[in-house]
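Since the structure comes first, as structure tokens, the remarks are kept for the end.
Every number in this text was worked out from the coordinates using simple rules, so none of it is lab data. Here the structure is a predicted model, which is why all the values come from computation and not from measurement. A quick note on method: Cβ atoms are made from the backbone with ideal geometry, for glycine too, and the neighbour counts reach across all protein chains shown.
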């Protein structure tokens with residue numbers, strides 16, 4: 001998903017409004033109030049075609065990281081790949097890419113986009129929190145908004161542990177995360193603090209850089225983001 005954003009889904013008004021902290025939200029239904037999970041939001045958003053995080057191009061933060069670190073072509077994992085913009089771009093840089101997302105609609109669109117770009121990617125519906133992604137170990141993992149959709153500290157720690165398990169020795173993880181330092185009114189991605197990030201990833205990753213920046217966006221006022229680059233710890 002461009003779950004991540006992936007910036008995270010802002011929800012159509014008739015289904016409620018996204019809490020920028022990223023918690024589950026009570027939503028009116030014919031049965032009364034219920035809790036709509038992050039997964040529900042993404043699936044509903046893709047069904048309705050309301051995907052403001054889907055910008056139709058790779059995020060510039062990924063492009064810059066690959067060029068400047070640099071990240072050589074390798075087996076790469078795009079977590080929450082959405083409609084495939086970042087996975088496709090990585091494949092065009094000669095990486096062997098696997099993209100995973102919770103949304104069947106997003107993966108179907110990602111496969112269409114890869115075919116149009118004449119690019120080979122493996123794009124599958126998969127929940128990385130609950131299952132192993134085939135093709136590991138990977139040299140590089142990327143997520144644009146997957147981390148910040150995890151509402152609880154335990155979920156974020158589980159994600160970090162799972163990403164660690166999927167990476168090869170010295171594997172890198174680049175994560176773009178909604179930034180809690182931004183005071184934003186209205187829609188936007190869930191926001192996490194630097195402390196949230198450190199507490200979740202430190203047992204499993206060495207943080208190489210944690211920089212305040214912005215998501216790649218088609219809006220004139222792009223949401224603030226943490227741009228976090230990490231290297232796998234061998235003992236976690």
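Yes/no matrix, rows are residues, columns are (1) out of contact with any strand residue (DSSP E or B) (no Cβ under 7 Å at 6 or more places or on another chain); (2) closer than 18 Å to residue 136 by Cβ:
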residue	(1), (2)
70	yes, no
75	no, yes
87	no, yes
100	no, yes
110	no, no
115	yes, no
121	no, yes
How many residues are touching a residue at least 24 places away in the same chain (Cβ under 8 Å) and more than 22 Å from residue 147 (Cβ to Cβ) if we restrict to segment 106-121? 7
